[in-house]
Amino acid sequence: MSELPAGVGRRTVAGEERLTTEGEPVYGEPTVDGRRVWDAGRSKLGAMLELGMDTRLSGGESVLYLGAASGTTVSHVADFAGPTYAVEFAPRPVRDLVDVAESRPNLFPLLADARKPREYAGVVESGLDCIVQDVATRGQAAVANRNAEFLAADGLLLAAIKARSEDVVAEPDAVFEDVRETLGEAYELLETARLDRYHEDHLGIVARKR
Amino acid sequence: MTETDDAWFAGVDPGDPEAAAAAIRGSEADEPRDWPALAVESGFAADEGEYYDRLHEATVDAAREAARAAERADDQQLIHALRAMDDAERTANELAERLEEWAGALLDVEEDATGLDFAAVVAQRDPADATEERAISLAQRAVDLREERDDLRAFIERRAPEVAPNLAEMAGPVLAARLISLTGGLESLAKKPSGTVQVLGAEDALFAHLRGHAPSPKHGVIFTHEFVRGTRPEDRGSAARALAGKLSIAARIDHYAGDRREGVHGDLRDRMETIRARAGEGADGATEGDDE
């Protein structure tokens, strides 16, 4: 199993090994020794780590998180990462995201559309270490490509691709093949794995900017 | 200096949090830059730590305010607009009826028009005396009211997708607004079981059924949806049940999550195809869709 980023640790909770990070609890998650349990069933990035994908994160990275929703996953990211920009398009979840951000000085919430980087290019800095993407819109690969401009030369992309967002009736494998091909325009794919144990019809991707 | 023209902090006084939040919301740039370094260079912050503190305060304020503003586009305004649209339509038609009775005898109207179309014809006339003046003026008010109804409808069509994106996509904006109006709000619609959603607007029939002297209603206002109306009568109960089930899921997503989800729309399409396929299986498959 590959290394976890510094700041992410395993703890035994109710007889099970669970991922944890250190920070203010936000959504009623269980805590142990002051650490918050990171539920892989509610977080695609959590599932990628739990399934042993090598995210190449070591902790302290600067991060652009696309599709932050109410901030469940991004709260854990901000616990172990450096400056973390969280982009979410829907107003209602942003209300919760703001609450999550308040207790985390390194988390910057932005109500913006991840398909339109112009909306936040004046706020989000260039040369970032990593993009984490979990957007449920059509054209997920194009979103990743368009946001590659925020990454440093060898910056990382950690994406969870949802097959049903691209095409509800197509075979997930066919969708994922298209996504791989489109992503190839801007990224070199390092590792992909199905996240089905935790999230049905999702593909986890680790890639490096070309 | 030109490097920082696109920066959110360009021209912002570091001691003015309100201006900083407004700048975040209005910011646009062609490409990202190393904003923390540029902010220090331009004197906006003493060091990167101070920059990130200011950025944190500004983004939290901006996101909170932006989310609040978006939520003010709320369900109550939509309900008012829908009820006003219904009132405008009903009143315009009442006035048009009154006018037909009055002006039909008073003026020689050759055009073969009734109702509001008749009012539109009358409104074009020049009055010959004081009585005609009153009738023609009334015609003009009725026509104006019809225009107001159209404007209200256009407003609902624009606003409903902001208030309830999934519900508006599935039901159409006007039916979505009607369902929200019948329950008094998106939150209470989200909390209704789908069996209630199915018969919303058919309360008379429902209570007649509960008193024991009528069959249970198959559908309420959702009858106006193509999935129900366009399905042959013997399958409409199934179609209404399936549609109501997905509508209540859509309302729950809209109220509790707020983002657009593809899955629920695809599920409904699949289910409707199955229900409508029944019409083709029987011996009288040719009757499919004839009942519109």
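Pairing each residue of region B:130-157 that is assigned by TED's automatic domain parsing to the domain that holds residue B:95 with any residue that is assigned to a helix (DSSP H, G or I) and charged (D, E, K, R), provided the two are 6+ apart or on different chains, yields C-beta distances under 6 Å for B:149/B:89. Just wondering, is there one or more residues in region B:97-111 that are in a helix (DSSP H, G or I), within 31 Å of the chain's Cα centre (by Cα), at pLDDT below 95 and surrounded by 13 or more Cβ atoms within 10 Å (Cβ to Cβ)? Yes; the residues of region B:97-111 include at least one that is in a helix (DSSP H, G or I), within 31 Å of the chain's Cα centre (by Cα), at pLDDT below 95 and surrounded by 13 or more Cβ atoms within 10 Å (Cβ to Cβ).
Whether a residue is touching a helix residue (DSSP H, G or I) at 6+ places or on another chain (Cβ under 7 Å), closer than 19 Å to residue B:162 by Cα and more than 9 Å from every other protein chain (Cβ to nearest Cβ) was assessed, and residue A:68 does not pass this test. For region A:98-123, a residue qualifies if it is within 15 Å of residue B:62 (Cα to Cα), within 7 Å of chain B (Cβ to nearest Cβ), without any contact (Cβ under 8 Å) to a residue 40 or more places away in the chain and not in a loop (DSSP other than H, G, I, E, B), and the qualifying residues are A:98, A:101, A:102, A:108, A:110, A:111, A:119. Checking B:63, B:69, B:45 one by one, the residue that is more than 19 Å from residue A:117 (Cα to Cα) and within 11 Å of chain A (Cβ to nearest Cβ) is B:69 and no other.
Considering the conditions (1) crowded, with 24+ Cβ neighbours inside 10 Å; (2) in contact with a strand residue (DSSP E or B) (Cβ under 9 Å, 6 or more places away or on another chain); (3) part of a loop (DSSP other than H, G, I, E, B); (4) within 7 Å of chain B (Cβ to nearest Cβ), residue A:135 is excluded by exactly one of them, (4).
Residues checked against (1) touching a strand residue (DSSP E or B) at 6+ places or on another chain (Cβ under 7 Å); (2) of a type in the set (Asp, Glu); (3) modelled with pLDDT of 95 or more:
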site: A:130; (1), (2), (3): yes, no, yes
site: A:141; (1), (2), (3): no, no, yes
site: A:149; (1), (2), (3): no, yes, yes
site: A:155; (1), (2), (3): yes, no, yes
site: A:168; (1), (2), (3): no, no, no
site: A:180; (1), (2), (3): yes, no, yes
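All of B:28, B:57 fail the test of being touching a helix residue (DSSP H, G or I) at 6+ places or on another chain (Cβ under 8 Å) and free of Cβ contacts under 8 Å to residues at least 24 places away in the same chain, apart from B:28.
The values are calculated or read from the model by the stated rules, or taken from the named source; none is laboratory data. Here the structure is a predicted model, which means the values were calculated and not measured. All Cβ positions, even for glycine, are placed from backbone atoms using ideal geometry, and neighbour counts span all protein chains on display.
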